[in-house]
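Okay, so here's the structure we're looking at.
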Amino acid sequence: MYGFIIPYPLPVSTAKVDKLAPSFYGKMKAMVMNMEKQNNQLPTTTEIQKSVALFKTFGDATRYQILSLLYQNSRTVSEITAVMDVSQSAISHQLKTLRQAGLVIGNRDGKFIKYTLADEHIFEIFELVKAHVQE
C-alpha cells in the first residue's frame with residue numbers, strides 16, 4: 001500500500017498503552033481547542049517543512065525497520081545488521097539520517113555506540129501507527 005514494512009508485530013505492553021493514552025488524548029484535546037482558536041489557520045511554513053521532513057524520514061522502509069528494532073531496545077550497528085539483510089555501511093548511513101532528524105541518539109557503551117529512540121514522542125508515534133494499521 002504505502003511501502004511500510006513491519007517485519008513482525010511490535011511488542012506493546014498494556015501498561016505502556018494505558019500510560020500513553022491519557023497523555024495522547026489530553027494533547028489531542030489541547031490541539032483541537034487550539035485549532036478552534038486559530039479559526040482553521042494553516043501551520044507556519046517552518047512547521048510544515050519540519051513535519052514533511054519527519055514524515056519523509058519515516059517513509060523509508062530501511063529506516064522504519066531500524067526504528068522498529070530500536071523501539072524494542074537499544075542496539076549497536078552490528079546488532080541491527082545481524083537482524084536486517086542490509087550492509088553495515090548502509091545501516092550506519094541510515095542511522096546518520098535518523099540522528100540528523102532527531103529521531104535517534106547514540107550513547108557510547110565501551111567501544112561500541114548503542115542507538116536508541118530519541119524521546120518518548122517517537123515511542124508514541126509507533127504506538128499510534130501500530131493501532132492505525134491494525135484497524
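Kindly indicate which of Phe55, Phe126 is in contact (Cβ under 8 Å) with a residue 60 or more places away in the chain and not in a strand (DSSP E or B).
On the way: Phe55 fails: in contact (Cβ under 8 Å) with a residue 60 or more places away in the chain.
Only one candidate passes the filter, namely Phe126.
Does Leu103 satisfy being in contact with a strand residue (DSSP E or B) (Cβ under 8 Å, 6 or more places away or on another chain), within 19 Å of Val52 (Cα to Cα) and hydrophobic (A, V, I, L, M, F, W, C)? Spelling it out, Leu103 is indeed in contact with a strand residue (DSSP E or B) (Cβ under 8 Å, 6 or more places away or on another chain), within 19 Å of Val52 (Cα to Cα) and hydrophobic (A, V, I, L, M, F, W, C). Within segment 112-130, does at least one residue satisfy the condition of being at pLDDT below 95 and more than 22 Å from Phe24 (Cβ to Cβ)? Yes.
Scanning segment 77-111 for residues that are in a strand (DSSP E or B) and out of contact with any helix residue (DSSP H, G or I) (no Cβ under 9 Å at 6 or more places or on another chain) returns Asn107, Arg108, Asp109. Against the conditions (1) surrounded by 16 or more Cβ atoms within 10 Å (Cβ to Cβ); (2) without any contact (Cβ under 8 Å) to a residue 40 or more places away in the chain, Lys50 satisfies every one except (1). Here the condition is being among the small types (Gly, Ala, Ser), surrounded by 11 or more Cβ atoms within 10 Å (Cβ to Cβ) and at pLDDT below 90; of Ala21, Ala15, it holds for Ala21 alone. Within segment 88-121, being closer than 13 Å to Ser74 by Cβ and among the hydrophobic types (A, V, I, L, M, F, W, C) holds for Leu95, Val104, Ile105, Phe112, Ile113, Leu117, Ala118.
The values are calculated or read from the model by the stated rules, or taken from the named source; none is laboratory data. As the structure is a computational prediction, the values presented were derived from the model and not from experiment. A quick note on method: Cβ atoms are made from the backbone with ideal geometry, for glycine too, and the neighbour counts reach across all protein chains shown.
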